[in-house]
Amino acid sequence: MTLTSSDAEDTRALGARLAGLLRAGDLVLLSGDLGAGKTTLAQGIGAALGVRGRVSSPTFVIARHHPALGEGPDLIHVDAYRLESLEEVDALDLDSSLEESVTLVEWGQGKVEALADNRLEVEVRRPHGGLEAEAPQAIGPAQATDLERADDGRREIIVRALGPRWAGARLEGLGGLQEPGGSDD
């Protein structure tokens with residue numbers, strides 16, 4: 001399923017709807033370029049699961065454990081970007097908490113798929129190009145691009161469900177964001 005998000009709040013809202021489908025034992029791989037919105041999506045999931053602590057990028061700590069505040073599962077949020085080998089992934093001992101937690105792994109492609117036959121793969125894409133530069137102001141120094149305006153928040157989010165756990169899953173319940181080329185009607 002491919003959806004579009006118009007801003008960070010849309011991306012968090014998708015994360016919240018995605019959390020409604022998740023249960024203990026689920027593995028979710030988040031992929032996308034640096035700054036694409038993987039952690040923003042994880043924030044929506046964490047908020048909807050009702051876990052303790054601010055969900056932020058675990059880049060330097062590698063993994064964060066967010067205990068459930070209620071009856072739901074804990075959230076294990078991993079950033080595998082800096083992990084260079086399967087041995088380093090194994091050292092995190094993710095399989096010991098997998099059954100009682102929802103495990104989100106950013107940058108986990110090619111590293112954590114062996115943890116579960118059942119998983120969701122979510123790719124967050126930021127559009128490239130299309131930035132309309134302002135007209136230069138006469139002859140002079142090259143005009144700098146205002147990077148704050150370069151990212152308008154739009155994202156394309158692709159959700160793939162793999163394994164028997166997700167066979168027949170009602171992913172259309174993730175709707176609410178527009179299908180590309182769709183309308184709000």
Compute and list, largest first, the equivalent-ellipsoid semi-axes of segment 23-105 from the alpha carbon gyration tensor, each √(5λ) rounded to a whole angstrom.
19, 16, 10
DSSP beta bridges in segment 1-122 [antiparallel fraction, %, rounded to 5]:
30
Packing-wise, with mean Cβ within 10 Å as the measure, how do 1-14, 99-112 rank, highest first?
99-112, 1-14
Working out 0.36 nm times the residue gap between Glu84 and Thr59, then minus their Cα-Cα distance, what length gain in nm do you get to one decimal?
7.7 nm
What number comes out for accessible area per residue over segment 1-137 if the probe is 1.4 Å? Units Å², please.
50
Most packed first (mean Cβ within 10 Å per residue), the peptides 83-96, 37-50 order as 37-50, 83-96
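The values are calculated or read from the model by the stated rules, or taken from the named source; none is laboratory data. Quick caveat: nothing in here was measured; it's all calculated off a predicted structure. Note: ideal-geometry Cβ built from the backbone for every residue, glycine included; neighbour counts use all protein chains shown. Accessible surface areas use protein heavy atoms only, side chains included; no ligands, DNA or RNA. Shrake-Rupley method; radii C 1.70, N 1.55, O 1.52, S 1.80 Å.
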